[in-house]
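To keep things clear, I will list the structure first and then write my remarks on it.
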Amino acid sequence: MRPMLTMLTGLFRPARALDAVGAAVRWVWIPLAVLLVVSTLIKTGVAAPLQAGAMQEQADAAIAKELASMPEEERAQYEKDMAEMEASGDVLVDTGDGGAMAIVSTAAMIFGAVGAVAALLYIAGFFFITAKTQANPVGFPAMLTVASLSLLPHAIRNVVQAVYMAGSGTWIEHAGLGALVAPAEITDAPGVAYAVLSQIDIWTVWGLALLFGALLSKSVGFDKKRATSAMLVFIAVTGVAQALPTLVQGALMGAM
């Protein structure tokens with residue numbers, strides 16, 4: 001319990017916290033990782049039904065806008081075709097029993113938890129490999145602790161956002177600063193600015209600061225110059241990797 005409490009002080013002094021836990025640096029990542037996964041489950045459990053509802057509203061609004069611009073005969077034919085498809089079962093209609101929503105929420109929670117674990121392993125693996133290329137003897141468990149500490153602000157963000165969404169009933173659609181440059185319409189393609197800014201918020205900056213500080217601890221053993229270069233490469237590689245799905249989506253939408 002004491003090493004865990006010591007690690008929580010790492011939210012402000014990461015290097016000192018890592019050095020203070022001593023040999024516990026090999027296992028203290030486990031409770032931190034559990035906190036991250038649990039916070040992810042909480043957030044996705046709250047967000048999934050709100051997201052589904054918001055996206056359905058956006059889709060309905062887009063369809064209504066399209067119908068309003070149709071000639072009367074085409075609109076009547078469309079409504080007739082849709083009614084026939086619903087009657088034949090070709091179009092699924094929400095019956096309100098919550099079954100479909102439960103499946104969506106469960107899937108979102110599973111993928112969210114897997115994503116949290118993948119992020120932990122990615123950060124730990126990246127800096128472990130970097131350390132080995134520099135003949136640094138630090139072990140992988142220590143890097144897991146560094147990674148889990150750097151993701152602790154993300155766990156706090158998950159809880160804060162879950163509380164906000166549960167209280168307001170509003171889904172947080174855009175991550176980070178992405179809301180500043182978000183597409184006006186659901187059919188508009190997201191741009192490069194959105195792909196970049198959606199990755200940036202105070203929690204991400206806090207996590208990167210913790211990561212840099214932890215690399216400078218005696219338990220990890222990076223000097224300042226090598227830690228700085230490793231961080232710059234990490235930010236560049238991670239930023240591009242996270243931006244790619246949004247950029248591909250934008251390219252596909254723009255080609256339609």
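A few comments on the model shown:
- Added length on full extension, which subtracts the Cα-Cα distance from 0.36 nm per residue, residue 170 to residue 251: 26.3 nm
- Residues whose amide H falls under 5 Å from that of residue 217, counting only those 5 or more places apart or on a different chain, are 222, with hydrogens built in the peptide plane.
- Distance between segment 158-182 and segment 24-80 - C-alpha centres, whole angstrom: 12
- Near residue 19, once Lys and Arg are set to +1 and Asp and Glu to -1 for all other residues with Cβ below 11 Å from its Cβ, the sum equals +3.
- Computed FRET value (nearest 0.05) for residue 121 with residue 54, which takes r as the C-beta separation and R₀ as 41 Å: 0.85
- Label zone at residue 26, where the point sits 7 Å out along the Cα-to-Cβ direction: segment 1-20 residues whose backbone N lies under 18 Å: 1-4, 18-20
- Rh by Kirkwood over Cα pairs, then Stokes-Einstein D for segment 14-255 at 1.567 mPa s and 4 °C, µm²/s: 62
- The helix-only estimate of mean residue ellipticity at 222 nm for the chain, built from DSSP H runs of length n ≥ 4 each weighted as -39500 (n - 2.57), is -25000 deg cm²/dmol after division by the residue total.
- Computed E for residue 233/residue 160 - FRET, C-beta separation, R0 22 angstrom, nearest 0.05: 0.15
- Under the span-like rule (Cα at least 18 Å along the axis, Kyte-Doolittle mean at least -0.5), DSSP H helices of the chain: 29-68, 99-133, 152-168, 202-215, 224-255
- Each residue in 238, 40 was given a count of other beta-carbon atoms within 10 angstrom of its own, and listing them fewest first yields 238, 40.
- Packing, as the average of other Cβ atoms within 10 Å across residues, places the peptides 161-174, 14-27 in the order 14-27, 161-174, highest first.
Just so you know, all these numbers are worked out from the coordinates, no wet-lab data involved. Not measured: the values here are computed from a predicted model. Backbone-built Cβ (ideal geometry, glycine too); neighbour counts: all protein chains shown.
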